[in-house]
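Written out below as C-alpha cells is the structure these notes cover.
The values are calculated or read from the model by the stated rules, or taken from the named source; none is laboratory data. This one's a predicted model, so the numbers in the text were calculated from it and none came from an experiment. FYI the Cβ positions are ideal-geometry reconstructions off the backbone, even for glycines, and counts take in every protein chain you see.
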Amino acid sequence: MSKRDSKRLTAIRQLPCCQCGASPPSQACHSNFAEHGKGRGVKADDRYTIPLFDFA
C-alpha cells in the first residue's frame, strides 16, 4: 500500500527542476519502479518523488 504525504509533495513542488534547474514551481513526479510501490493504476509511494519541470 502506497503512502501519500501532501506536505512532502508541496515542498517538492517548491524546488527547482532536477533535470534542467528551471525555477519553481515544478511538478512532483513519482517513480515508475515496482520496488517503489508502482503498480497497475497505483502511483509509487510519495517518498519516491523528484521535482521536474512541466514543459507542456
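Key figures for this structure:
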| read-out | value |
| --- | --- |
| Residue within segment 37-45 that is touching an Asp or Glu at 6+ places or on another chain (Cβ under 6 Å) and at pLDDT below 90 present | yes |
| Members of segment 7-31 that are under 10 Å from T49 (Cα atoms) and either of a type in the set (V, I, T) or in a loop (DSSP other than H, G, I, E, B) (or both) | I12, S31 |
| Segment 32-56 - residue that is hydrophobic (A, V, I, L, M, F, W, C) and assigned to a loop (DSSP other than H, G, I, E, B) and, of those, surrounded by the fewest Cβ atoms within 10 Å (Cβ to Cβ) | A56 |
| Members of segment 46-56 found to be at pLDDT 90 or above and not aromatic (F, W, Y), listed by number | D46, R47, T49, I50, P51, L52 |
